[in-house]
Amino acid sequence: MSYYAVLGLDKEPFSTSPDPDFFYESREHRAALTRLLIEIRLKRGLSLILGDVGIGKTTLSRKLFQLLHQREDVTFHMILDPAYETETLFLESLIRTFKIDPKAPAPSILDYREAIKGYLFEQGVEQRKTVVLLIDEAQKLNTLSLEILRGLLNYETNEFKLLQLVLLSQLELLPRLREIKNFLDRVCLKYVLNPLDEQDTKELIEFRLKQAGYDSGPPLFSREAIREIHQHTQGYPRQIARFCHNALRDLVVTHHPVVDEDLIRALIAREVR
C-alpha cells in the first residue's frame, strides 16, 4: 500500500510533476496567470515569465493550457524543450507544432517562413482565432531561434498581433534579449516569479493535501514544522513538494501522529550529511 493511502489520501499530494490540478495560486502565481490571460485576450503579442528553477513556471504553463486549450476561439501550442541548433530545425519544429503542410516537396527556410505566416493570417484573420505559442525552458533558445520569434511578432493587423507568444524562462534569458535589437520593446508583459512566503507555504501544503483527498481532520503538519520547511526550502514550490513528500513518508514509517518540528529537523539533518 502506498504511504498516502495509509494517511487516507486518494493520490500522491506532493508529486513534483506539473499537474495543473495541484497548481496552488499563490499571490505571485495568481497575478502572473491573470496578467497572462489579459494580454492573450487583448492579443498584445509577447509575454515573458521569469523565475528560478523550481519556482513553478512549468506548472503555471499547464494551468494556462488547461484554461485555454478547450476554447473554440483559441489555438494553443506548446514547445517544452526549445534547444534547436539551427534555424532550419527550429522552423521545422514550428511547422510540426502548428501542424502546417508547407506544400513544397523540399521546403526552404523561406518556404517555412511563408507557410507559418500564412497559417497565422488564416487562423487569426479568416477564422478569428487567438493563436498562442507557449515555450517553456526558453533560456535554451539560441540567438537564431530568438530572431525567428522576433520576426513572427511582426505579423499583425491594424488592431492586434497574430501570434501570442509566451516565454517561460530562467532569469538568464533577460540579458540575452537585451542584446537583440527591437526584441525587448515587443514585450507587453514581463513578470518575475518570486519564492513563497511562510503563509503561502502553509496554504500550498494544505491545498495539495486537500486536492489529494485529505478531509478536514487534524492538520498533518504542525505550524512549527511548516516554519522549518519554509526556511529550509526558501519558499521554492518544487522543493516544498519534494520535502513534504519525504516528511509524510517518514511520518508513516515512524508512526508519528503529525509532522512536527523534530521530524523535520531530523529529515534536514539527514539531507545535509
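The values are calculated or read from the model by the stated rules, or taken from the named source; none is laboratory data. What you see is a predicted model, and the numbers here were worked out from it, not measured in a lab. Positions of Cβ are generated from backbone atoms using ideal geometry, with glycine treated the same way; all protein chains shown enter the neighbour counts.
If you take the residues in region 156-171 that are of a type outside the set (S, T, N, Q) and surrounded by fewer than 17 Cβ atoms within 10 Å (Cβ to Cβ), which one is farthest from Phe98 (Cα to Cα)?
Only one residue tops the list, namely Leu171.
Which ones in region 229-273 are outside any loop (DSSP other than H, G, I, E, B) and closer than 18 Å to Ala5 by Cβ? Reasoning before the result, please.
Our first condition is that a residue be outside any loop (DSSP other than H, G, I, E, B); within region 229-273, this holds for 229-233, 237-254, 259, 261-271.
Result: Cys244, His245, Asn246, Ala247, Leu248, Arg249, Asp250, Leu251, Val252, Val253, Thr254, Val259.
Given the condition touching a strand residue (DSSP E or B) at 6+ places or on another chain (Cβ under 8 Å) and of a type in the set (Gly, Ala, Ser), answer yes or no: does some residue in region 239-256 qualify?
yes
Could you list, in sequence order, the residues of region 98-123 that are under 25 Å from the mean Cα position of the chain (by Cα), surrounded by 14 or more Cβ atoms within 10 Å (Cβ to Cβ) and more than 16 Å from Asn154 (Cα to Cα)?
Selection gives Phe98 alone.
Which one of these is over 11 Å from the mean Cα position of the chain (by Cα), surrounded by fewer than 16 Cβ atoms within 10 Å (Cβ to Cβ) and closer than 17 Å to Pro18 by Cβ: Gln70, Gln66?
It is Gln66.
Quick check on Ser169: is it of a type in the set (Ser, Thr, Tyr), in contact (Cβ under 8 Å) with a residue 24 or more places away in the chain and farther than 28 Å from Gln123 by Cα?
No.
Does at least one position in region 168-175 carry a residue that is of a type outside the set (Asp, Glu) and either outside the structural domain of Ile55 (by TED's automatic domain parsing) or closer than 18 Å to Tyr112 by Cα (or both)? Even if it seems obvious, please write down each step before you answer.
Narrowing region 168-175 to residues of a type outside the set (Asp, Glu): 168-171, 173-175.
Adding the requirement that they be either outside the structural domain of Ile55 (by TED's automatic domain parsing) or closer than 18 Å to Tyr112 by Cα (or both) leaves none.
Among the residues of region 168-175, not one is of a type outside the set (Asp, Glu) and either outside the structural domain of Ile55 (by TED's automatic domain parsing) or closer than 18 Å to Tyr112 by Cα (or both), which makes the answer no.
Considering only region 206-228, state which residues are farther than 28 Å from Leu167 by Cα and in a helix (DSSP H, G or I).
Passing the criteria: Glu206, Leu209, Lys210, Gln211, Arg223, Glu224, Ala225, Ile226, Arg227, Glu228.
Of the residues in region 125-157, how many are over 11 Å from Ile79 (Cβ atoms) and part of a strand (DSSP E or B)?
Within region 125-157, residues that are over 11 Å from Ile79 (Cβ atoms) and part of a strand (DSSP E or B) number 4.
Residues to consider are Leu46, Leu60; find the one that is in contact with a strand residue (DSSP E or B) (Cβ under 8 Å, 6 or more places away or on another chain), over 30 Å from Arg208 (Cβ atoms) and not charged (D, E, K, R).
Only one candidate passes the filter, namely Leu46.
Only one of (1) farther than 23 Å from Glu147 by Cα; (2) free of Cβ contacts under 8 Å to residues at least 60 places away in the same chain; (3) touching a strand residue (DSSP E or B) at 6+ places or on another chain (Cβ under 7 Å) is not met by Leu68, so which one is it?
It is condition (2) that Leu68 fails.
Please count how many residues of region 215-273 are without any contact (Cβ under 8 Å) to a residue 12 or more places away in the chain, surrounded by 13 or more Cβ atoms within 10 Å (Cβ to Cβ) and among the aliphatic types (A, V, I, L, M).
0
Please tell me if Leu189 is crowded, with 17+ Cβ neighbours inside 10 Å, in contact with a Ser or Thr (Cβ under 7 Å, 6 or more places away or on another chain) and either under 21 Å from Met78 (Cβ atoms) or assigned by TED's automatic domain parsing to the domain that holds Leu152 (or both).
Yes.
Do we find a residue being touching a helix residue (DSSP H, G or I) at 6+ places or on another chain (Cβ under 7 Å) and among the polar types (S, T, N, Q) anywhere in region 64-71?
Within region 64-71, one or more residues are touching a helix residue (DSSP H, G or I) at 6+ places or on another chain (Cβ under 7 Å) and among the polar types (S, T, N, Q).
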